[in-house]
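What follows is calculated from the coordinates using simple rules that are stated; it is not laboratory data. Computed from a predicted model, the values in this text were never measured in an experiment. In this analysis, Cβ positions are derived from the backbone assuming ideal geometry, glycine residues included, and neighbour counts consider all displayed protein chains.
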Amino acid sequence: MSDLLERLRSRGWRLTAQRRVVAEVLDGDHVHYTADEVHARAVARLPEISRATVYNTLGEMVTLGEVIEVSTDGRAKRYDPNAHHAHQHLVCSGCGAIRDVHPTGNPLADLPDAERFGFTVSSADVTYRGLCPACS
Ligand SMILES: [Zn+2]
Ligand SMILES: [Zn+2]
């Protein structure tokens, strides 16, 4: 589990019923839901929760650094609770399924000095694409 709820609690974040439901929906491994998917799942637990509340809560979790936004190929942004362990993504071109993967080596270290153009490089996103077992 990603222990998102625990992390938010230890940050002293006030856990209202709405915030708790959003955190519960996102808690888990390999979770990368769009805001609409989070909303649909949250409504199943707390019927009165609004889309605006879900969007605002996701934004606050991102600001806190406990959830990261993932963009894949112009599809809707996804929200990932695995915010503290550097990882890359394996994306299915068929159904859009996403898995967290941990390639050996460090993509930052792999960029040669000659190709840094004087930049101070702080992060790298690598996306592996292909077809998942269900789609291939
Ligand atoms: Zn697939
Ligand atoms: Zn991820």
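In the stretch 115-136, of all residues being assigned to a loop (DSSP other than H, G, I, E, B), within 16 Å of ligand 1 (Cβ to nearest atom) and surrounded by 10 or more Cβ atoms within 10 Å (Cβ to Cβ), the one that is farthest from the chain's Cα centre (by Cα) corresponds to Cys135. Answer yes if at least one residue in the stretch 41-51 is surrounded by 12 or more Cβ atoms within 10 Å (Cβ to Cβ) and touching a residue at least 40 places away in the same chain (Cβ under 8 Å), and no otherwise. Within the stretch 41-51, none of the residues are surrounded by 12 or more Cβ atoms within 10 Å (Cβ to Cβ) and touching a residue at least 40 places away in the same chain (Cβ under 8 Å).
Just one of the listed residues (Val91, Val121) is of a type in the set (A, V, I, L, M, F, W, C) and touching a residue at least 24 places away in the same chain (Cβ under 8 Å), and it is Val91. Selection within the stretch 17-34: residues that are on the phi < 0 side of the Ramachandran plot and within 16 Å of ligand 2 (Cβ to nearest atom). The member of this set that is nearest to the chain's Cα centre (by Cα) is His32. Filtered by the rule that a residue be away from ligand 1 (no atom under 16 Å from the Cβ), part of a loop (DSSP other than H, G, I, E, B) and either in contact with a strand residue (DSSP E or B) (Cβ under 8 Å, 6 or more places away or on another chain) or in contact (Cβ under 8 Å) with a residue 12 or more places away in the chain (or both), the stretch 67-82 gives Val67, Ser71, Ala76, Lys77, Pro81, Asn82.
Give the residues of the stretch 83-133 that are out of contact with any strand residue (DSSP E or B) (no Cβ under 8 Å at 6 or more places or on another chain), away from ligand 2 (no atom under 16 Å from the Cβ) and small (Gly, Ala, Ser), sorted by residue number. Within the stretch 83-133, Gly94, Gly105, Ala109, Ala114, Gly118, Ser122 meet the criteria.
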